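Working notes, structure below.
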Amino acid sequence: MTHPRDARLALAIARSLGAQPIVALEIVGAGSVNHVFAVDLGAGARWIVRFGRNPLDPDCSAKEAWCLRAAARRGLAVPDVLATGDFAGVGFLVQSFVAGENADRRRSAELWRTLGRIAHEVNEIALDSSAPEELFGRFGRDPKAAWLAHVHYNAVRLAPDDPLLELGIYAPPDRNRLRSAVESLAERVSDFGLAHGDLVPRNVLLPPRGSPVILDWGSAQVGPAPLGLSAILADVYLLARLDLVRWALERRPDRLQEIGARSRAAVADWLRVHGARFA
């Protein structure tokens, strides 16, 4: 449910940029991390104003803006970046309004093939010195070195005193299999690049004409690019879920229950489908 103060903030952001907004309507279901408002400016003009829901979450507006501009230079269809900034301590991103149908209502094999081609194009985006630090994570800007550090960090924590055991993320008899899978990723991943991070139909608009428009780059990051290798993807996802629980323990204990439940289920699925490879 939209709180009136959030709509007022969207209007205030638009006014701070010199607009005379009429009304701000939240697009329900457009994002769990960000509020997404369609701001009516009159005469058929509209902006999209995005800002974070939770002040504890990092501000991703600069990262999203960089990705949108870089994707546009690559020839991908994305909204135009109109402004970024900080209003009353809240980071925001303003982008052009794109009319179209959410692709979640038009799922098909061809749509998934299209998203695969888009993922490849995103992976080829050049990462120059202007790329923001938020894209690279805590282990630095060198993708290969950062990946090795990331793998090592998680592997050594799969030990008898691992707090994830107490949380029930996995059971003691499964620890060695998980550690073997994680350690193997050090050498099994050799290609790196930019990933959208949430390239699914709900983040795609299908306009009346032209290419699918890619939305919501808040989860974008630099990392492995094991496109087309399902076994590696499953193991990379396993590592991501384990690491996310450790992040919640250290940084966001308020989200530990939610993240732990999802990670517990993901680890169980991995063990059921892929665990025998590391028995």
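The values are calculated or read from the model by the stated rules, or taken from the named source; none is laboratory data. The structure presented is a predicted model; accordingly, all values stated were derived computationally and were not measured. In this analysis, Cβ positions are derived from the backbone assuming ideal geometry, glycine residues included, and neighbour counts consider all displayed protein chains.
Descriptive notes on the structure:
- Residue within region 229-249 that is part of a loop (DSSP other than H, G, I, E, B), closer than 23 Å to Thr114 by Cβ and not aromatic (Phe, Trp, Tyr) present: yes
- Leu233, sole failed condition from (1) more than 15 Å from the chain's Cα centre (by Cα); (2) crowded, with 19+ Cβ neighbours inside 10 Å; (3) within 24 Å of Ala71 (Cα to Cα): (2)
- For region 182-210, the set of residues classified as in a strand (DSSP E or B) and closer than 16 Å to Leu76 by Cβ consists of Gly193, Leu194, Ala195, Val204, Leu205, Leu206, listed by residue number.
- Among the residues of region 1-57, those identified as touching a residue at least 40 places away in the same chain (Cβ under 8 Å), out of contact with any Phe, Trp or Tyr (no Cβ under 8 Å at 6 or more places or on another chain) and over 13 Å from Gln95 (Cα atoms) are Gly29, Ala30, Gly31, Val33, Leu56.
- Qualifying residue in region 236-243 (condition: β-branched (Val, Ile, Thr) and modelled with pLDDT under 95): yes
- Scanning region 1-24 for residues that are exposed (fewer than 15 other Cβ atoms within 10 Å of the Cβ), of a type in the set (A, V, I, L, M, F, W, C) and modelled with pLDDT of 95 or more yields Ile22, Val23.
- Test: residue in region 174-190 that is buried (at least 16 other Cβ atoms within 10 Å of the Cβ) and touching a strand residue (DSSP E or B) at 6+ places or on another chain (Cβ under 6 Å): yes
- The sole residue among Gly223, Gly210, Gly197 that is closer than 30 Å to Gly100 by Cα, within 17 Å of the chain's Cα centre (by Cα) and not assigned by TED's automatic domain parsing to the domain that holds Ala62 is Gly197.
- Residue in region 13-27 that is within 21 Å of the chain's Cα centre (by Cα) and outside the structural domain of Glu258 (by TED's automatic domain parsing) present: yes
- Near pairs, Cβ below 8 angstrom, 6+ apart or cross-chain, from region 84-111 (under 15 Å from Arg53 (Cα atoms)) to any residue that is small (Gly, Ala, Ser) and part of a strand (DSSP E or B): Val90/Gly52; Gly91/Gly52; Gly91/Gly85; Phe92/Ala83; Phe92/Gly85; Leu93/Ala83
- Checking Gly275 against (1) exposed (fewer than 15 other Cβ atoms within 10 Å of the Cβ); (2) modelled with pLDDT under 95, the condition it does not meet: (1)
- Annotation note: of Ala149, Ala225, the sole residue that is without any contact (Cβ under 8 Å) to a residue 12 or more places away in the chain and in contact with a Phe, Trp or Tyr (Cβ under 9 Å, 6 or more places away or on another chain) is Ala149.
- Condition check for Leu164: farther than 29 Å from Phe51 by Cβ, of a type in the set (A, V, I, L, M, F, W, C) and modelled with pLDDT of 95 or more: yes
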